[in-house]
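Here the structure comes first, spelled out in structure tokens, and everything after it is commentary.
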Amino acid sequence: MDDYVIRLWHRVGKIRAISALAVLLAGLVGGLVIANRQTQHDASRTPVSVDAAAMPFSSSSATPSVSRSPFTLDEADALAKAKDAASDASAQAKAADDEARRKAEEAASRANQRTSAPPPTNSAPKYPVPSSCNVYSGNKKIGCAVLVGYGFGLDQMPCLEKLWDRESHWNASAANKSSGAYGIPQALPGSKMATVGADWKTNPETQIRWGLNYIKGKYKTPCGAWSHSQSTGWY
């Protein structure tokens, strides 16, 4: 996030530089116009010989009628362009500044949310706790016995049951053809389970032991693994 904000502020800095250059150009053109007018004013004060008969007079006054624009066309055009450039650059700088501030605030808000969010809990959710492993049958009963033998409480069994219901329905032959995951815990690849026993392809207890070793090392508890699976879809 910090790198992104730095790059964003660098971009705003360039636009501000363009705005400052445009304002400087406007000032320079304005200065030239003022200097030119001052020169013309000084020249107008220099005494000259004027043929009164050649000067136009108004019908109501004996004073010659002289009309002159305060700027030449070139001066007025240059000043207008400089003002437009300064205005455009200033507007771009403000828009970029507002956008950078908005994005920085959003990034900071997301960072604060991540920081303030409570860490995933490994405690057991409020599922009904089985009275014993005898409430289960088949591979789930084997899994419950291995779970208790690993030092976990029965309150972790509902999480393990839900986790492996999602992964394989507790089927020791379950195979994911697309990923290559295999067995009750869906080890990837299945051959990893050979570290527990050579019968990893067919023995549910071997698969369960490997799966609980994996869970204990990475998520501490089955409920920790189940919590992660709920939020991401995998464990």
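The values are calculated or read from the model by the stated rules, or taken from the named source; none is laboratory data. Note that this is a predicted model, so its numbers are computed, not measured. Calculation scope for accessible area: heavy atoms of the full protein, side chains included, ligands and nucleic acids excluded. Shrake-Rupley method; radii C 1.70, N 1.55, O 1.52, S 1.80 Å.
Within the full protein context, the accessible area of TYR127 is estimated at about 60 Å² for a probe radius of 1.4 Å. Close amide H pairs (under 5 Å, H built 1.01 Å from N) link ALA187 with TYR182, residues at least 5 positions away or on another chain.
All Cα-Cα separations within the range 185-235 were binned at 10 Å from zero, giving a P(r) of 28, 49, 22, 1, each value a whole percent of the pairs. The listed residues LEU212, LEU154, once ranked by accessible area (1.4 Å probe) with the largest placed first, stand as LEU154, LEU212.
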